[in-house]
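Student: Let me give you the structure first, and then I'll get to my questions.
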Amino acid sequence: MTTVQTFASLAEASAAQGAIMGGGTLLMRQVNEAPHTVPGLIRITDPGLSRVSASGDRIEIGAGVTMRQVMDHPDLAAFAPVARAIGGPALRNMATVGGNLFAPHPYGDFTVGLLAAGAQVVWADGRREELEDFLRGRVSAQGILATVSVVRTRPEQLRFRKVSRTRPKGVSVMSIAARLDGTGSSASSARIAFGAMGPTPLRARAAEVALQGVRLDTDGVGPACAACLEDLSPADDALASAWYRAQVAPIYLRRCLLGES
Amino acid sequence: MPKKPMSFTLNDAETGVFVEEGQNLLEALRRGAGDLSPKFGCGQGTCGACTVLIDGAPHLSCLTLAEAAASRRVETTGGLAAGPELHPLQTAFMEGFAAQCGFCTGGMLMVAKALLAENPRPTREEVIEAISGNLCRCTGYGPIVDAILTAAARMQGRAA
Ligand SMILES: Cc1cc2nc3c(=O)[nH]c(=O)nc-3n(C[C@H](O)[C@H](O)[C@H](O)COP(=O)(O)OP(=O)(O)OC[C@H]3O[C@@H](n4cnc5c(N)ncnc54)[C@H](O)[C@@H]3O)c2cc1C
Ligand code: FES
Ligand code: FES
């Protein structure tokens, strides 16, 4: 049996024991299938959790903000294509940003976008950490995530590509996001993230280095694409083998970087 | 097992049910409120047969904690017709053979209703996107997309 506790504020919920519920799209699946594995659910109705606010060059996205809210928010236009790639419309009305940060392989497409954009997570007790550090320790992470803080990103700075077998909806064979800074034709700096290519979304640092200062054309991005596997550790799953993922990752990275169809 | 009382609006009627701890909204609707129009297909969010509108927006009721719907406005296919008058979407589905076994139909109708409320003149691509979370094993989707476009046109007084 699964007991449910509902709290109106983050502070009240902090001491409670149980699984923090975002949209429940992963947790309720587990409750439906194996309720004994989810003894307690913590539901938090604090409106602060579903708020998006801008301060300086950063945007704070509440952990309870849904994919649909991301798609509709003018300050998050760069992330709208990422949110739109997740599930169907009903799922997007439910799935939250906070839940996506914990979503296991092959999920976590939104986290890939956040990782490329340069995000930090902020816990309810005020702790703040880089998203990359959070992802490294997330299996044993305790506490309530309050917000994700992301550097303001213009739509043309963030490129995103989701590779899936069924379209428009389908789980990721991989997803790729890249934040490119620089003039239109060359990249002065880049942050590249892959999803479904390791236990958590991962940055492709070798590819980032290889992309610095190069022209954004097929020849220019070639070395970066060839280097992308250095930081990735794809696995076999029902969607694709590790071998296949490794074969196609450089090609999809090129398509993502150059906006090829 | 203790049950919690919960009240909400179901298709414009104030409704009260007792929900078990951890129960999902689909079960509360079917077993508690006796509305059998949302269907159980997978219980995993994959098929969309259980889709209902909560405050006008499509939700997968099998993945919605029942008590999270307290005091909210829930709509199901059971409330689409006004007495003997079918909703234009239902008429278009019937005429266009957009339902064969009918198992997916309740979910399809609800996402279509939400789409047309937000976007009365959707393109074919927008309709396909709107039903992308709903599986149909019978029709091949074409008749469903056509029926939604036909209903949209009729609701606007246009020719399809
Ligand atoms: C049909 C279907 C299709 C899907 N397609 C995609 C897809 O294309 N891409 C994708 O990335 N995902 C997909 N998912 C997975 C999932 O819906 C998303 O990853 C979603 O963003 C998870 O968020 P949630 O709010 O529903 O998580 P929940 O189920 O509420 O929670 C997931 C985990 O996160 C933890 N958690 C949630 N919020 C907090 C918080 N504030 N603090 C601490 N812990 C928290 C929970 O305790 C739990 O462990 C799909 C799921 C389904 C059912
Ligand atoms: S029963 Fe809810 S999505 Fe299949
Ligand atoms: S009509 Fe049978 S599943 Fe759609």
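Student: Identify, please: which residue in the range B:119-142 is within 16 Å of ligand 2 (Cβ to nearest atom) and of a type outside the set (A, V, I, L, M, F, W, C) and is, among those, nearest to the other protein chains (Cβ to nearest Cβ)?
Tutor: Looking at residues that are within 16 Å of ligand 2 (Cβ to nearest atom) and of a type outside the set (A, V, I, L, M, F, W, C), I get B:Gly133.
Listed here are the residues, each with its yes/no results for (1) away from ligand 2 (no atom under 16 Å from the Cβ); (2) among the aliphatic types (A, V, I, L, M).
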{"residue": "B:Val74", "(1), (2)": "no, yes"}
{"residue": "B:Pro88", "(1), (2)": "yes, no"}
{"residue": "B:Cys101", "(1), (2)": "no, no"}
{"residue": "B:Gly106", "(1), (2)": "no, no"}
{"residue": "B:Ala117", "(1), (2)": "yes, yes"}
{"residue": "B:Ile144", "(1), (2)": "yes, yes"}
{"residue": "B:Ala152", "(1), (2)": "yes, yes"}
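Student: Then there's this: If we only count helices (runs of 4 or more DSSP H) wholly inside the range B:68-131, which ones have 2 or more residues that are over 19 Å from B:Gln156 (Cβ atoms)? Reasoning before the result, please.
Tutor: Numbers: elements: B:88-95, B:105-118, B:124-130.
Helices (runs of 4 or more DSSP H) meeting the threshold: B:105-118, B:124-130.
Student: Considering only residues of the range B:1-34 that are open to solvent by 60 Å² or more (accessible area, probe 1.4 Å) and under 21 Å from B:Asn134 (Cβ atoms), which is nearest to ligand 3 (Cβ to nearest atom)?
Tutor: So, considering only residues that are open to solvent by 60 Å² or more (accessible area, probe 1.4 Å) and under 21 Å from B:Asn134 (Cβ atoms), the one nearest to ligand 3 (Cβ to nearest atom) is B:Arg30.
Student: Determine, yes or no, whether B:Thr150 is β-branched (Val, Ile, Thr), closer than 30 Å to B:Glu14 by Cα and away from ligand 3 (no atom under 16 Å from the Cβ). Steps first, please.
Tutor: On the way: β-branched (Val, Ile, Thr): yes; closer than 30 Å to B:Glu14 by Cα: no; away from ligand 3 (no atom under 16 Å from the Cβ): yes.
No: the conditions fail for B:Thr150.
Student: Out of curiosity, is A:Ala80 more than 16 Å from ligand 3 (Cβ to nearest atom) and under 27 Å from B:Ala49 (Cβ atoms)?
Tutor: Working: more than 16 Å from ligand 3 (Cβ to nearest atom): yes; under 27 Å from B:Ala49 (Cβ atoms): no.
No: the conditions fail for A:Ala80.
Student: Every residue in the range B:127-141 that is in contact with a Cys (Cβ under 7 Å, 6 or more places away or on another chain) and buried (at least 22 other Cβ atoms within 10 Å of the Cβ), please.
Tutor: Within the range B:127-141, the subset in contact with a Cys (Cβ under 7 Å, 6 or more places away or on another chain) is B:134-136, B:138.
B:Asn134, B:Cys136, listed by residue number.
Student: When you scan the range B:33-44, do you find a residue that is closer than 27 Å to A:Arg167 by Cβ, of a type outside the set (Asp, Glu) and facing chain A (nearest Cβ under 8 Å), even just one? First the steps, then the outcome.
Tutor: Residues of the range B:33-44 that are closer than 27 Å to A:Arg167 by Cβ, as a first pass: B:38-44.
Next cut, of a type outside the set (Asp, Glu) only: B:38-44.
Filter once more, so that each one left must be facing chain A (nearest Cβ under 8 Å): B:43-44.
For the range B:33-44, residues closer than 27 Å to A:Arg167 by Cβ, of a type outside the set (Asp, Glu) and facing chain A (nearest Cβ under 8 Å): present.
Student: Restricting the range B:29-66 to residues that are near ligand 2 (Cβ under 7 Å from one of its atoms) and part of a helix (DSSP H, G or I), which is farthest from the chain's Cα centre (by Cα)?
Tutor: Result: B:Leu63.
Student: Kindly indicate which of B:Ser61, B:Ser132, B:Ser37 is within 16 Å of ligand 3 (Cβ to nearest atom) and closer than 19 Å to A:Thr66 by Cα.
Tutor: Details: B:Ser61 fails: within 16 Å of ligand 3 (Cβ to nearest atom); B:Ser37 fails: closer than 19 Å to A:Thr66 by Cα.
Sole residue among the options that is within 16 Å of ligand 3 (Cβ to nearest atom) and closer than 19 Å to A:Thr66 by Cα: B:Ser132.
Student: Ok, one more. Within the range A:107-121, identify whether any single residue is within 14 Å of chain B (Cβ to nearest Cβ), within 16 Å of the chain's Cα centre (by Cα), farther than 26 Å from B:Arg124 by Cβ and of a type outside the set (Asp, Glu), and answer yes or no. Don't jump to the end; show me each part of the working.
Tutor: Kept after step one, since they are within 14 Å of chain B (Cβ to nearest Cβ), are these residues of the range A:107-121: A:107.
Next, only the ones that are within 16 Å of the chain's Cα centre (by Cα) stay: A:107.
Applying the additional criterion that residues be farther than 26 Å from B:Arg124 by Cβ yields A:107.
Then drop every residue that is not of a type outside the set (Asp, Glu), which leaves A:107.
Checked against the condition, which is being within 14 Å of chain B (Cβ to nearest Cβ), within 16 Å of the chain's Cα centre (by Cα), farther than 26 Å from B:Arg124 by Cβ and of a type outside the set (Asp, Glu), the range A:107-121 yields at least one hit.
Student: Within the set of pairs 6+ apart or on separate chains, which have a first residue in the range A:241-261 that is at pLDDT 95 or above, a second that is open to solvent by 30 Å² or more (accessible area, probe 1.4 Å) and acidic (Asp, Glu), and C-beta atoms under 6 Å apart?
Tutor: From residues that are at pLDDT 95 or above, the pairs are A:Ala242/A:Asp236.
Student: Same structure again: Within the range A:1-103, which strands (runs of 3 or more DSSP E) (wholly inside it) include 1 or more residues that are more than 9 Å from chain B (Cβ to nearest Cβ), open to solvent by 30 Å² or more (accessible area, probe 1.4 Å) and in contact (Cβ under 8 Å) with a residue 12 or more places away in the chain? Before you say what the answer is, go through the steps one by one.
Tutor: On the way: elements: A:3-7, A:19-21, A:40-44, A:52-55, A:58-62.
Answer list for the range A:1-103: A:3-7, A:19-21, A:52-55, A:58-62.
Student: Here is a follow-up. Got a number for residues in the range A:172-188 being assigned to a strand (DSSP E or B) and either open to solvent by less than 10 Å² (accessible area, probe 1.4 Å) or among the acidic types (Asp, Glu) (or both)? Working first, answer last.
Tutor: Our first condition is that a residue be assigned to a strand (DSSP E or B); within the range A:172-188, this holds for A:172-181, A:186.
Right, trim to either open to solvent by less than 10 Å² (accessible area, probe 1.4 Å) or among the acidic types (Asp, Glu) (or both) and you get A:172-178, A:181.
The total comes to 8.
A quick yes/no check of all residues on (1) among the acidic types (Asp, Glu); (2) surrounded by 15 or more Cβ atoms within 10 Å (Cβ to Cβ); (3) over 23 Å from B:Phe40 (Cα atoms):
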{"residue": "B:Ala81", "(1), (2), (3)": "no, no, no"}
{"residue": "B:Phe97", "(1), (2), (3)": "no, no, no"}
{"residue": "B:Cys104", "(1), (2), (3)": "no, yes, no"}
{"residue": "B:Lys113", "(1), (2), (3)": "no, yes, no"}
{"residue": "B:Glu125", "(1), (2), (3)": "yes, no, yes"}
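Student: Follow-up question, since we're still on this one. If I ask for residues that are touching a residue at least 40 places away in the same chain (Cβ under 8 Å) and either in contact with a Phe, Trp or Tyr (Cβ under 6 Å, 6 or more places away or on another chain) or basic (Lys, Arg) (or both), which ones from the range B:103-160 would you list?
Tutor: B:Lys113, B:Pro143, B:Ala147, B:Arg154
Student: Applying the selection to the range A:189-222, what residues are small (Gly, Ala, Ser), assigned to a helix (DSSP H, G or I) and either under 30 Å from B:Glu125 (Cβ atoms) or free of Cβ contacts under 8 Å to residues at least 40 places away in the same chain (or both)?
Tutor: Quick first cut of the range A:189-222, residues small (Gly, Ala, Ser) only: A:189-190, A:193, A:195-196, A:198, A:204, A:206-207, A:210, A:213, A:220, A:222.
Those left that are additionally assigned to a helix (DSSP H, G or I): A:206-207, A:210, A:220, A:222.
If the condition is that a residue be small (Gly, Ala, Ser), assigned to a helix (DSSP H, G or I) and either under 30 Å from B:Glu125 (Cβ atoms) or free of Cβ contacts under 8 Å to residues at least 40 places away in the same chain (or both), then A:Ala206, A:Ala210, A:Gly220, A:Gly222 are the ones that fit.
Student: OK, next. Which ones in the range B:51-71 are out of contact with any helix residue (DSSP H, G or I) (no Cβ under 7 Å at 6 or more places or on another chain), within 12 Å of B:Ala28 (Cβ to Cβ) and in contact (Cβ under 8 Å) with a residue 60 or more places away in the chain? Lay out the reasoning, then the answer.
Tutor: Here is the first cut: in the range B:51-71, the ones out of contact with any helix residue (DSSP H, G or I) (no Cβ under 7 Å at 6 or more places or on another chain) are B:55, B:67-68, B:70-71.
From what is left, the residues that are within 12 Å of B:Ala28 (Cβ to Cβ) are B:67-68, B:70.
Of everything in the range B:51-71, those that are out of contact with any helix residue (DSSP H, G or I) (no Cβ under 7 Å at 6 or more places or on another chain), within 12 Å of B:Ala28 (Cβ to Cβ) and in contact (Cβ under 8 Å) with a residue 60 or more places away in the chain turn out to be B:Glu67, B:Ala70.
Student: Looking at (1) modelled with pLDDT of 95 or more; (2) more than 9 Å from chain A (Cβ to nearest Cβ), which one does B:Pro58 not meet, given that it meets all the others?
Tutor: Exception for B:Pro58: condition (2).
The values are calculated or read from the model by the stated rules, or taken from the named source; none is laboratory data. Predicted, not measured: the structure shown is a model, and the values here were computed from it. Every residue, glycine among them, receives a Cβ derived from its backbone with ideal geometry; neighbour counts consider all protein chains shown. Ligands, DNA and RNA are excluded from the accessible area calculation, which covers all protein heavy atoms including side chains. Shrake-Rupley method; radii C 1.70, N 1.55, O 1.52, S 1.80 Å.
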